[in-house]
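Take a look at the structure below.
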Amino acid sequence: MLFIGLIAPVVIGWWLIGKRRANMLLSLIGLAALPILVWGASLGAQIGSCGVPDCMSSTQHSQLVITIVSLVLVLASFGLLAVHRAMLGGVLLAVALAVGAYSMAATDVAALVMLIVFAVASAAYVFFVWWSQRVAARVPDFPPVV
């Protein structure tokens with residue numbers, strides 16, 4: 001799983017940014033979170049040498065299973081970003097990172113904080129883009145001063 005967590009962001013990033021010209025900031029946020037989510041999903045799926053009684057409790061494993069859902073949501077947001085649906089992809093990315101942060105709450109505080117920061121950053125970016133489009137589309141109520 002180590003190689004998948006390290007090579008997958010490079011391949012997906014090359015496909016998203018290089019070939020599809022997806023939204024740069026949202027793609028980079030998702031790609032930065034991908035190795036942590038792959039790690040959590042592999043522990044949740046019990047892939048590798050780490051088992052429930054050996055290196056994690058049953059509660060930690062139960063929460064890490066939710067990381068699999070978060071990983072699927074991040075991959076779906078990459079698909080939306082690839083077809084140039086930046087707003088919808090950004091909202092899905094923020095939700096996926098929040099779900100991933102929740103799944104890391106009992107296991108790893110550093111990953112929890114990182115995923116929260118990424119979720120807030122992607123949500124703030126989507127809000128900023130939505131707000132700027134809303135302000136630009138507004139028609140003034142009075143005639144302009146000449």
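Every number in this text was worked out from the coordinates using simple rules, so none of it is lab data. A quick note: this is a predicted structure, and the numbers were derived from the prediction, not measured. Ideal geometry is used to build each Cβ from the backbone, glycine not excepted, and the neighbour counts take in all protein chains shown.
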Practice task
Enter the per residue convex hull volume of the chain, computed from alpha-carbon coordinates, in Å³ rounded to the nearest integer.
Solution key: 117
Problem - the chain, relative contact order in percent, only Cα pairs under 8 angstrom and at least six apart counted - result: 22
Fill in the blank from the handout: Taking r as the C-beta separation of Lys19 and Phe142 and R0 as 35 Å, the FRET efficiency to the nearest 0.05 is 0.15
Exercise for the section: Find the centroid of the Cα atoms in segment 80-146 and in segment 54-75, then give the distance between the two in whole Å. Expected result: 24
Fill in the blank from the handout: Taking Lys and Arg as +1 and Asp and Glu as -1, residues besides Leu26 with C-beta under 15 Å from its C-beta add up to +3
Practice task
Taking the dipole about the Cα centre of the chain, with the C-beta of Lys and Arg at +1 and of Asp and Glu at -1, give me whichever of Gly48, Ile116, Val129 is farthest to the positive side.
Solution key: Val129
Problem - Kyte-Doolittle mean at least 0.0 and Cα axial length at least 30 Å: DSSP H helices in the chain - result: 109-136
Practice task
Using the Cα centre as the reference, give the magnitude of the dipole from point charges on the C-beta atoms of the chain (Lys, Arg: +1; Asp, Glu: -1; all else neutral), rounded to the nearest 20 debye.
Solution key: 560
Practice task
For a label point 7 Å from the Cα of Ile68 along Cα→C-beta, name the residues of segment 3-35 whose backbone N is under 18 Å from it.
Solution key: 5
Handout entry: For segment 1-47, convex hull volume per residue from C-alpha positions, Å³
Key = 58
